[in-house]
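The values are calculated or read from the model by the stated rules, or taken from the named source; none is laboratory data. Keep in mind that what you see is a predicted model, and the values were worked out from it rather than measured. Cβ: placed from backbone, ideal geometry, glycine included. Neighbour counts: every protein chain shown. Quick note on the areas: whole protein, heavy atoms, side chains included, nothing else; ligands and nucleic acids left out. Shrake-Rupley method; radii C 1.70, N 1.55, O 1.52, S 1.80 Å.
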Amino acid sequence: MAEEKSKSNQSNSEGLSLKSVSLWQITWRRFFKRKSALVGLAILAVLVFIALTAQWIAPYDPYKPLIGIEQVQRREKPCIHLLGCPMDKPQHLMGIDGNVRDEFSRILYGARLSLIIGFSTVSLAIIIGTVLGAIGGYFGGWLDNIIMRIMDVLLAFPSLILAIAIVSVLGPGLINALIAISIVSIPAYARVMRASVLSIREMDYVSATRALGGSNFQIIFYRILPNALTPLIVQATLGIASAILDAAALSFLGLGAQPPTPEWGSMLGSERNQVFTAPYLVFYPGFMIMLTVLSFNLLGDGLRDALDPRLAHVHG
Amino acid sequence: MVQYVIRRIFATIPVLFGILFVVFMLIRLIPGDPCHAMLGEKATKEVCDRFVHEHGLDKPLLTQFGIYINSIAHGKFGDSFRYGIPITRLLIERLPATIELSVSALFISIIIGIPLGIIASIKHNSWIDVLTMLWANIGVSMPVFWLGLMLAYLFAIVLKGTPFWLPPSGRLTVGIDSTPFYEVWGWHLPDGTWKSTLYFLSNLHILNGLLSANWELLKDAVKHLILPAAALGTIPLALIARMTRSSMLEVLGQDYIRTARSKGLPRRLVILKHAFRNSLLPIVTILGLSLGSLLGGAVLTETIFGISGVGRTLFDAITARDYGIVQAFTVVIAIFFVLINLIVDISYAYLDPRIRLD
């Protein structure tokens, strides 16, 4: 990437050189010009780092209560040595939770879960949504009609309420919450994909492939899909943000991840009645959810502007 | 225009049908039978059989669906298994709380969001713009439940004893007089639709306070509403501010704006009349869309602030497997949502004549 960047700088300085600049280079350059997108990328990088290294950087076990290990009370206030907490007391950056566990360690492990939730739900939704949208847009007719009407019905529900209803059918649990959120987000991808397919279907290179005897499968997956990727990528990045938010909400309501899983939404939910006595146990999980969602939102906006230059001046 | 409206209304019918069907099927798929959920684990088989028969749960699915559609068309939602009262009455009691909450949230987000977006767009790239956008980005990423709890902590605990103190839960202070306005006016009404309607309206505490000139009630209701409405309104506010800004920026770059300016029109007129009017379309879209998140967020906000509105009741009913309530409330929420989208579509056509001719 760094190499790419220096190359592009070079071609800039040479002014009228005939060196070609690829579309990707232009996109990258535009992306890196946006400060907010870079901030999003930076936050995400830190979160990914935390998620990958949680077992080494977490000072305590996220599941095991500290009873009999340390002299700490339930829901004890954060103890930070740098901020004047006595050195002889063990350090707990974010306090102790209701089951006498180190909140900070649980928060760190939570990053892992949140990212997995975001990526897995969106992957599932994107696969199903893309296939449905592609089929509908490409073949048209009654098939298209049926698919899109089903999508309309799904879109007719406020997403969180539909997700709650689906989880209540499947039963509470993290996996079921993931499935529910995936189902709820399918229509967005189906619509984006269908719209792209409708416009690309008429292109000359698609007719050429057909003339050469290419199958429908070949046309959809080798000709149309690569050209429809841009809006899908943007939608997916923004979709991860809302998936994480919805999953946290479900866990908060007790329908998603179950205790003792260190998931931010469920951690927040189980301590919510203690907000007046131990606000730190509510503050940190929620703050982390916000930070994660924010990073994907910033990244998604940046990608959209970078990939779709027509909008650049508006959001710039 | 009339033709367009009629066509749009007809187009929503299949969607409404689909909603009814989806909700109906989802409810039947919920594991665990309602009998044991309602009458306890110890209910005998005979008792359960009678329960199932009384509620028509032993008929074929399609027949049940038919009966269900028929009764909804007549405005009947049946009785709640759990509370043993007609669901319509439950709706009359609880819907006003949600309406009050979401309308005030939307109100807050519009009166703050739109001016913020306009200012950000005319002061493009200034610190106001940067700050607004930063705040808007954080706002869309905010978990409603977290914001709600933090606001409650801040205003009920940290600011306790100051004039800024706000109650963290409920809709009214216990013991406050909330006599319905029609009784204050001395009306004696027979039971019926008319009375139910007025009762429904009187459950909108703010409206009731205004109509019955009960300022104590009005003040108390508003005080209780501020925190939940602020929490619920944050995401729509951010979305609206963002959309207003980008839509305004696009319009401000158009030639006719330059023309309007160069012919010496006052700046305010150019911004509000020429630019803002033309940038309304995407703002209306986002308004309609954010109502969805508002209704979903109502479940969370009502949970946190202890408001027994539609969202909270729906959630409780799902956990208790009260089929009737879940069906009725989900349907009502979805119908609301569809109607709002219909209104959005129609105002679209009003704002942009090209759409009508499509």
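Computed over chain B, relative contact order equals 27 percent, with contacts defined as Cα pairs under 8 Å that lie 6+ residues apart. Based on protein heavy atoms only, chain A ends up with 47 Å² per residue of surface accessible to a 1.4 Å probe. Note on segment B:41-147: with neighbouring protein chains present and a 1.4 Å probe, carbon and sulfur make up 67 percent of its accessible heavy-atom surface. Every helix of 4 or more DSSP H residues in the protein assembly as shown counts as -39500 (n - 2.57), and over all residues that averages to -23000 deg cm²/dmol at 222 nm.
With all protein chains in place and ligands, DNA and RNA left out, the 1.4 Å accessible area ranks B:55, A:92, B:188, B:74 as B:188, B:74, B:55, A:92, largest first. Mean per-residue shielding of peptide B:132-145 is 6, counting Cβ atoms of other chains within 10 Å of each Cβ. By the rule of a C-alpha distance below 20 Å, with chain neighbours fewer than 8 residues away ignored, the lysines paired with residue B:263 are B:273.
Here r is the Cβ-Cβ distance between residue B:107 and residue A:71 and R0 is 45 Å; the resulting FRET efficiency, rounded to 0.05, is 0.30. With K and R counted +1 and D and E -1, the other residues having a Cβ less than 11 Å from that of residue B:260 yield a net charge of +4. Based on Cα contacts under 8 Å between residues 6+ apart, chain A shows a relative contact order of 23 percent.
Candidates B:86, A:296, A:280 compared by Cα position along the dipole of the protein assembly as shown: farthest toward the positive end lies A:296, with charges placed on Cβ. Listed by chain and number, the lysines placed with their C-alpha closer than 17 angstrom to that of residue B:195 are B:76; residues fewer than eight positions away on the same chain are left out. Specify which residue in the list B:115, A:155, B:75 is farthest towards the positive end of the charge dipole of the protein assembly as shown, using unit charges on the beta carbon of Lys, Arg (+1) and Asp, Glu (-1), about the Cα centre. In the protein assembly as shown, that residue is B:115. Surface burial for B against A, with a 1.4 Å probe and both sides summed, reaches about 3700 Å² of accessible area.
What net charge is computed for the residues neighbouring residue B:303, neighbours being all others with C-beta under 12 Å from the C-beta of residue B:303, Lys and Arg scored +1, Asp and Glu -1? Summing Lys/Arg as +1 and Asp/Glu as -1 gives 0. Within chain A, count lysine pairs with alpha carbon atoms under 26 angstrom apart where the residues are 8 or more positions apart or belong to different chains. Pairs that pass both the separation and distance tests number 10.
Taking the charge dipole of the protein assembly as shown about its Cα centre, with +1 at Lys and Arg Cβ atoms and -1 at Asp and Glu Cβ atoms, the residue from A:56, A:28, B:225 reaching farthest to the positive side is A:28.
Rounded to the nearest 20 debye, the dipole magnitude of the protein assembly as shown is 1860 debye, with +1 charges on Lys and Arg beta carbons, -1 on Asp and Glu beta carbons, and the Cα centre as origin. Residues B:248, B:25, sorted by accessible area with the largest first, give B:25, B:248 [1.4 Å probe; ligands and nucleic acids excluded]. Less than 5 angstrom separates the built amide H of residue A:140 from none of the residues sequence-distant by 5 or more or on a different chain. Computed about the Cα centre, the dipole magnitude for chain B is approximately 1380 debye when only Lys and Arg (+1) and Asp and Glu (-1) carry charge, each at its Cβ. When you restrict to C-alpha pairs under 8 Å that are six or more residues apart and normalise by the size of segment B:219-327, the relative contact order lands at 28 percent.
Bridging of residue B:160 to aspartates and glutamates at a Cα separation below 19 Å is possible for B:220, once same-chain residues fewer than 8 apart are set aside. Positive contributions from Lys and Arg (+1) and negative ones from Asp and Glu (-1), summed over other residues with Cβ under 14 Å from the Cβ of residue A:160, come out at -1.
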